[in-house]
Amino acid sequence: QIFNQHNADALNLEQAFHRMAQTEPNLDHDVSWLLLPSYWAKMVVALISFLCFANSYDGDFVFDDSEAIINNKDLRAETPLGDLWYHDFWGSKLSSNTSHKSYRPLTVLTFRINYLFAGGFHPVGFHVINIILHCTISVLMVDVFSILLGGLHFSNKGRRLNLAPKSSLLAALLFAVHPVHTECVAGIVGRADLLCALFFLLSFLSYCKAFRESKEGHTFSVFWVLVSVILGAIAMLCKEQGITILGLNAVFDALVINKINLLELIQKLLHKDKSLENAGLLRKGLLFRITLLMSGGASILYIRWRIMGTGPPAFTEVDNPASFADSLFVRAINYNYYYSLNAWLLLCPWWLCFDWSMGCIPLIKSVSDWRIIVLAALWLCLIGLICQALCSEDSHKRRILTLGLGFLIIPFLPASNLFFRVGFVIAERVIYLPSIGYCILFTYGFSLLSKQAKKKKILAVAVLGILLINVMRCALRSSQWRSEEQLFRSALSVCPLNAKVHYNVGKNLADKGNQSAAIKYYREAVRLNPKYVHAMNNLGNILKERNELHEAEELLSLAVQIQPDFAAAWMNLGIVQNSLRRFEQAEQSYWTAIKHRKKYPDCYYNLGRLYADLNRHIDALNAWRNATVLKPEHSLAWNNMIILLDNTGNLAQAEAVGREALELIPNDHSLMFSLANVLGKSQKYKESEALFLKAIKANPNAASYHGNLAVLYHRWGNLDLAKKHYEVSLKLDPMAPGTKENYNLLRRKLEQLQKKGG
């Protein structure tokens, strides 16, 4: 009976397909491709999308992940959840002048959940969620492409039919394996684009669910239209592009549900034809639904505007040089050149880079620049597609091309610089949603070629080859995103003129202790961008540590001259001037740094060191106290206070400061050691011994810890234990100052005791 029922359902489905095929051209008819049941198609897409990016699961936090996750206080439990709604993506207040105004509270909330479940900053959980999200989105694409390529049709029982199963599978595979998606999947910050895409697609599918076919035609549900609007709002709270789905739903409604001929409608509007109702504008509730979509979109944007404030985002010329060009012509030409490069990344995603700013793409400043040809090629292609989308007599072709262009262009608009300045030249992550339009156009082009080709299998093999190449490219690119070293080095061949690429390679080398190699890349970054103050600051720091103080001073002085509010460079300049014994200049530099960054504990710490060198003990203690107030876990500042008080004979005050510090940082062995010294001098031997032993347990290879404990035992009269720890100290550091002398004194004393005993 079950078997017969299955056959009956299959027969009904075949009849439905047959009826629809008679009324509308079938895109699958000429396509030589796999025909799989829906659930098998989705399984294949899920598996292949997983294989593309699976090797990124155990990658590190890289590039922007540091700022968005590791340094973002909004992820920590002590930050109230309500603060997420008033902070930007990076954890800064939206009202701040330095905020980028990227408002994505729901994305940050998922990071926070990741952090809480993982019990800290463990990247595996973050990466796994990104991979799962991309697989889910790719599976949803099968349904989305079946509607976009095959139309919205239903069986007699109200079930939606897929009239383009082969084409929708091909398009979904193209989307799943596109290498340009690697940044979104392998880079944890790409979570914003993935979540936005998920709710973007759910909004579209909900809008489609609002319609049912009846004998009278399409009927619709207001409830599902409203659900679509809500899901669009959620998409926007994940990333700004999400709001564009409301416009795409309106386009879909007009073209697919109401079958409006755009060219005919434009002509009637231009001629003020009163028969617009016949054109479909007022039929089937279209105007009502568009009003709902527009009202919802306007309300969402208004609420976001109220939360964000009216101030524009703070970007610099190096982020987006074209937007700072004085000439409107130069801006327009370069914006269009950027569009053409984005289109090229969709067509040929071979040259991928984590950052395309800072000279990676030099500005076009005159029409004699050969790159103008690229712009011409882009617009020739677009104009050709638009003409076909508007003027073709084939309604099926008009619909697919218009939807393809709509999904290609509309989600890209927020990144286009047309409405507001963006903080990048090219960002591969913003092409995640527009790639839907590319996949539609590619699949439709493949169907047209298949229709003309005599050997369809050769064409199918070629497309299969493209898919396999993309899978391998995704796997390779994912492996490059596993660590900062691989990611930054991979960019050197793509953007050799990008100063930020050289800076990041240098910073990565410096973090690993390879200062000589880091200097080379920092110098190249400064050569490529002579105003790159962060590269100057880092290079100056390394030169300072290598005692090349005069060049370090020159670089840091230039950095603060270019950017007078660069607090870190002012502090580092003060450290160099202090080393050069220019104490007044150093003090002035420190206070300038504090002026530009009020809460700067490290600067107060260094200011305290300067005052200590000048024997201004009270000023030094006040500076270090300020450092500990601003940063209670500032171990060095606490230690210096204890040592200074100890050296000046203020043992009671030193003991009080030491106990206060250990309450705040109970596991810091250096604080235990300093307080143990103070307690020993105060003849509190038992307590001092306990702290020395605890410090040695935490850091058993510190010669000074053993040496000072030996001194304590020596004073206390525990001579055997003193001898033991003197010997350990000398074994760890034979040149330890004072230890050898004390050990010799102890040996002579022991010899004298032995003689007396004898």
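To put it simply, the accessible area of region 310-400 at a 1.4 Å probe is 70 percent carbon and sulfur. Taking each residue as 0.36 nm, the span from Trp379 to Phe329 lengthens on full extension beyond its C-alpha to C-alpha distance by 16.3 nm.
For region 116-164, the carbon plus sulfur part of the accessible surface works out to 64%, probe radius 1.4 Å. Within the same chain, lysines fewer than 8 places from Lys724 are excluded, and of the rest, those with a Cα less than 25 Å from its Cα are Lys681, Lys684, Lys686, Lys694, Lys697, Lys740, Lys749, Lys755, Lys756. Estimated from the Cβ-Cβ distance and a Förster radius of 45 angstrom, the FRET efficiency linking Ile466 and Val222 is about 0.55. Go ahead and collect, in residue order, the members of region 182-210 whose backbone nitrogen is under 12 Å from a label point 7 Å along the Cα-Cβ direction of Val124. Hits in region 182-210 for Val124 at 12 Å: none.
Cysteines in the chain that lack a partner Cβ within the 4.7 Å cut-off: Cys135, Cys184, Cys208, Cys348, Cys353, Cys381, Cys387, Cys391, Cys439, Cys603. When all C-alpha to C-alpha distances in region 418-557 are sorted into bins of 10 Å, what percent of pairs does each bin hold, rounded to whole numbers? Pair shares across the bins are 10, 26, 23, 18, 12, 7, 3, 0.
What the chain shows is 48 Å² of accessible area per residue, with the surface traced by a 1.4 Å probe over protein heavy atoms. Any idea what diffusion coefficient region 139-276 gets from Stokes-Einstein, in µm²/s, Kirkwood Rh on alpha carbon pairs, 20 °C, 1.002 mPa s? Once the numbers are plugged in, D ends up at 129 µm²/s. Going by the alpha-carbon gyration tensor, a ≥ b ≥ c the square roots of its eigenvalues, is region 474-524 rounded (a/c under 1.5) or, if a/c is not under 1.5, prolate (a/b greater than b/c) versus oblate? Since a/c reaches 1.5 but b/c is at least a/b, the shape of region 474-524 is classed as oblate.
With both labels modelled 7 Å from their Cα along Cα-to-Cβ, the Ser96 to Cys348 distance reads 4.2 nm. In terms of distances greater than 30 angstrom between alpha carbons, the cross-link table entries Lys259/Lys451; Lys209/Lys239; Lys101/Lys512; Lys365/Lys598; Lys93/Lys544 yield Lys101/Lys512; Lys365/Lys598; Lys93/Lys544. Label sites at Lys599 and Tyr86, each approximated as a point 7 angstrom past Cα along Cα to Cβ, lie 1.4 nm apart. Roughly how many percent of the accessible protein surface of region 471-557 is carbon and sulfur, given a 1.4 Å probe and a whole-percent answer? Summing carbon and sulfur atoms, their accessible area is 50 percent of the total for region 471-557. For region 229-248, the residues whose backbone nitrogen is under 20 Å from a point 7 Å from the Cα of Phe117, taken along Cα to Cβ, are 235, 238-239.
Taken as Cα centroids, region 516-530 and region 172-233 sit 45 Å apart, rounded to the nearest whole angstrom. Subtracting the Cα-Cα distance of Leu721 and Leu262 from 0.36 nm times their residue separation leaves 155.8 nm of extension gain. Spin-label model, Ile562 to Asn744: label points 7 Å out along the Cα-to-beta-carbon direction sit 5.6 nm apart.
With a Förster radius of 41 Å applied to the C-beta separation of Arg212 and Lys365, the computed FRET efficiency comes to 0.15.
Note on region 347-478: Cα convex hull, mean projected area over all directions, 10.6 nm².
At an R0 of 60 angstrom, the distance between the Cβ atoms of Lys756 and Ser579 translates into a FRET efficiency of 0.65. Subtracting the Cα-Cα distance of Ala298 and Phe419 from their residue separation scaled by 0.36 nm leaves 42.0 nm.
The values are calculated or read from the model by the stated rules, or taken from the named source; none is laboratory data. Treat the numbers as computed from the prediction; the structure is a model and nothing was measured. Cβ sites come from the backbone with ideal geometry, for glycine too, and all protein chains shown count toward neighbours. Areas reflect the complete protein model, heavy atoms only, side chains present, ligands, DNA and RNA absent. Shrake-Rupley method; radii C 1.70, N 1.55, O 1.52, S 1.80 Å.
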